[in-house]
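The values are calculated or read from the model by the stated rules, or taken from the named source; none is laboratory data. None of the values given here were measured: they were computed from a predicted structure. Glycine gets a Cβ as well: all are built from the backbone with ideal geometry, and neighbour counts include every protein chain shown.
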Amino acid sequence: MRDEYHSIKADVSATMKVEGSKFIACAYPVDSRQRAEEKLGMVRRQFFDATHHCFAYALGSERKEFRYSDDGEPSGTAGVRIFSAIESKDLSDVLIIVTRYFGGTKLGVGGLGRAYFESASQVLSLSVIIPKIVGEELEVVFPYDETNGVMNKLSQYNVRIIDTTYDDDVTLRLTVRRGAVPAFIADLTQVTRGNVAVKHISLTSNRG
């Protein structure tokens, strides 16, 4: 499983005309289905008089969560073609909505498919691509006298500390790059001579 993937940095839009029809492509960085649905609702309200609002989005490092819609266009001509544009750029955590204003000339199945794919590809070509790191959130517990050794390892692995609790022991909630987790735990165990407990919490993703 990958611990780094790519998304877009900010909202971008592009407009293309084909045989009188206008295609407005809008790309958004999104990190959840809820966020994607919010953006879709916003675009539908903004272009309320449009003929179609076709879209596709993909989430997560492996694009395992995704959705696409033809929104009334002939099956297979819009949503899946927009999704193909996302896949062709190897992106995720991205939503593309292509709004169409019908211009009076039918484009046919092939023409529609090309128009939606090219609209999505065009807006992605205007986007700034950024890396996103898949991290694993861990809970690390150790005695006070192991603090120096633990902190040195945190610095070495570029760990992000989320929360620190001082009680009988020190408890840290932190994020480590997923691919580095086994080595990180092994080094913590070595530097503390086994005086450490590590609990796996969840996966997270952040800009690189």
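Any idea which of R35, R63 is modelled with pLDDT under 95, touching a Leu at 6+ places or on another chain (Cβ under 9 Å) and under 23 Å from L126 (Cβ atoms)?
Exactly one of R35, R63 is modelled with pLDDT under 95, touching a Leu at 6+ places or on another chain (Cβ under 9 Å) and under 23 Å from L126 (Cβ atoms), namely R63.
Can you find even one residue in the range 59-78 that is touching a Phe, Trp or Tyr at 6+ places or on another chain (Cβ under 7 Å), among the polar types (S, T, N, Q) and within 30 Å of A183 (Cα to Cα)?
yes
Give the number of residues within the range 1-54 that are without any contact (Cβ under 8 Å) to a residue 60 or more places away in the chain and of a type in the set (S, T, Y).
Total meeting the criteria: 3.
Please verify whether V141 is outside the structural domain of Y28 (by TED's automatic domain parsing) and in contact (Cβ under 8 Å) with a residue 40 or more places away in the chain, treating the condition exactly as stated.
Against the criterion (outside the structural domain of Y28 (by TED's automatic domain parsing) and in contact (Cβ under 8 Å) with a residue 40 or more places away in the chain), V141 qualifies.
Please report, ordered by residue number, the helices (runs of 4 or more DSSP H) entirely within the range 90-208 with at least 3 residues that are among the polar types (S, T, N, Q).
108-125, 147-156
Determine whether V30 is surrounded by 17 or more Cβ atoms within 10 Å (Cβ to Cβ), closer than 30 Å to V181 by Cβ and not hydroxyl-bearing (S, T, Y).
Answer is yes for this residue.
Search the range 60-89 for residues being part of a helix (DSSP H, G or I) and β-branched (V, I, T), and hand back the single one that is surrounded by the fewest Cβ atoms within 10 Å (Cβ to Cβ).
Residue satisfying both the conditions and the ranking: V80.
Any residue at all in the range 31-43 that is in contact with a helix residue (DSSP H, G or I) (Cβ under 8 Å, 6 or more places away or on another chain) and either in the same structural domain as V109 (by TED's automatic domain parsing) or farther than 17 Å from S92 by Cα (or both)?
Scanning the range 31-43, I find no residue that is in contact with a helix residue (DSSP H, G or I) (Cβ under 8 Å, 6 or more places away or on another chain) and either in the same structural domain as V109 (by TED's automatic domain parsing) or farther than 17 Å from S92 by Cα (or both), so the answer is no.
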